[in-house]
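Asker: Please see the structure below; I have some questions.
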């Protein structure tokens, strides 16, 4: 059986088109929303559960689900990028961490933030928090908040 030139070309091109380049990962919005149900049973005493989705050379991706306020955080060498999948929360940022404690290298935590700004967050919102900026998520009683996080290493 004789192959036409088009058939030979298509057989050579199709495998190239079908394969994703190394490092390309796509998480759908519906997949991210579904993490709320998946992570809810795994919440710790702080009413948060997280799952790392992928690790890359200078950043990693994770998803988090909260049903209560988080601690105040300050990352010395990582910027955060949040994409809100579902729910609502208030982001407090800036100011200073109250009673700061280093919980691991380059990571500071505390119970709250003094003097920060507040911004309401809802599904579809995108937030960038540079390294060294205090931030905290406050989740209203009886509410849930699920969000995708990209943590990017900075110099």
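Asker: Sort out which residues of the range 129-155 are part of a strand (DSSP E or B) and over 19 Å from residue 55 (Cα atoms), and write them in order of number.
Answerer: 129, 135, 136, 137, 138, 145, 146, listed by residue number.
Asker: OK, next. Residue under question is residue 84, and the condition is that it be over 14 Å from the mean Cα position of the chain (by Cα) and surrounded by 18 or more Cβ atoms within 10 Å (Cβ to Cβ); does it hold?
Answerer: No.
Asker: Ok, one more. How many of the residues in the range 87-115 are in a loop (DSSP other than H, G, I, E, B) and closer than 21 Å to residue 126 by Cβ?
Answerer: Result for the range 87-115: 1.
Asker: Given the residues 9, 39, which is the only one that is at pLDDT below 50 and either surrounded by 11 or more Cβ atoms within 10 Å (Cβ to Cβ) or in contact with a helix residue (DSSP H, G or I) (Cβ under 7 Å, 6 or more places away or on another chain) (or both)?
Answerer: 9
Asker: Among what's in the range 111-123 and is farther than 29 Å from residue 155 by Cα and either in contact (Cβ under 8 Å) with a residue 40 or more places away in the chain or under 16 Å from the mean Cα position of the chain (by Cα) (or both), pick the residue that is surrounded by the most Cβ atoms within 10 Å (Cβ to Cβ).
Answerer: Of everything passing the filter in the range 111-123, 123 is surrounded by the most Cβ atoms within 10 Å (Cβ to Cβ).
Asker: Let me ask something else about it. Being closer than 17 Å to residue 151 by Cβ and surrounded by fewer than 14 Cβ atoms within 10 Å (Cβ to Cβ) is the filter; apply it to the range 42-64 and report the residue that is farthest from the chain's Cα centre (by Cα). Even if it seems obvious, please write down each step before you answer.
Answerer: Step one: of the range 42-64, the residues closer than 17 Å to residue 151 by Cβ are 48-64.
Among the residues that remain, those that are also surrounded by fewer than 14 Cβ atoms within 10 Å (Cβ to Cβ) are: 51-52, 54-58.
Values: 51: 9, 52: 9, 54: 11, 55: 12, 56: 14, 57: 17, 58: 15 Å.
Restricting to residues being closer than 17 Å to residue 151 by Cβ and surrounded by fewer than 14 Cβ atoms within 10 Å (Cβ to Cβ), the top hit is 57.
Asker: A further question follows. How many residues are touching a residue at least 60 places away in the same chain (Cβ under 8 Å) and in a strand (DSSP E or B) if we restrict to the range 54-86?
Answerer: Residues meeting the conditions: 21.
The values are calculated or read from the model by the stated rules, or taken from the named source; none is laboratory data. Just so it is clear, the structure is predicted and the values come from calculations on it, not from any experiment. Here Cβ is always computed from backbone atoms with ideal geometry, including for glycine, and neighbour counts include all displayed protein chains.
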